[in-house]
Amino acid sequence: LVAVMVHLVVPLFSDGIHWQVLESLMLFSGSLIGLFCLILVPVVYRVRRVPPPIGIVMFAILISIAPIVAFISRILM
């Protein structure tokens, strides 16, 4: 969310390079956290006796994938 906010605010400032570094850092750290959360999903299924509700799992997967997709699209642009 911080990366999206910075992306929208950057055009308002003349020295946008510092803000772009912050945006890239936030996208990278969000991608790493998202990757870690994706790795934890199968671990949760193995550790818990009762699996979590499928809606919660799908939401967690979508939220984990979002910064990764944003980071990859930022690299490709």
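At a glance:
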read-out	value
Options (1) 14.0; (2) 12.5; (3) 12.1 - which one matches Kirkwood radius over Cα pairs in Å as calculated here	(1)
Residue-span extension gain [Val43 to Val57] - 0.36 nm each, minus C-alpha spacing	3.8 nm
Stretch gain in nm, segment Leu35-Gln20, where the contour uses 0.36 nm per residue and the Cα spacing is subtracted	3.2 nm
Length released on extending from Leu76 to Val50, taking residue separation times 0.36 nm less the Cα-Cα span	5.3 nm
Mean Cβ neighbour count within 10 Å, used as a protection proxy, ranking 69-76, 47-54, 22-29 highest first	22-29, 69-76, 47-54
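Where a number appears in this text, it was derived from the coordinates with a stated rule and is not lab data. Computed from a prediction, not measured in an experiment: that's the story for all the values here. Cβ: placed from backbone, ideal geometry, glycine included. Neighbour counts: every protein chain shown.
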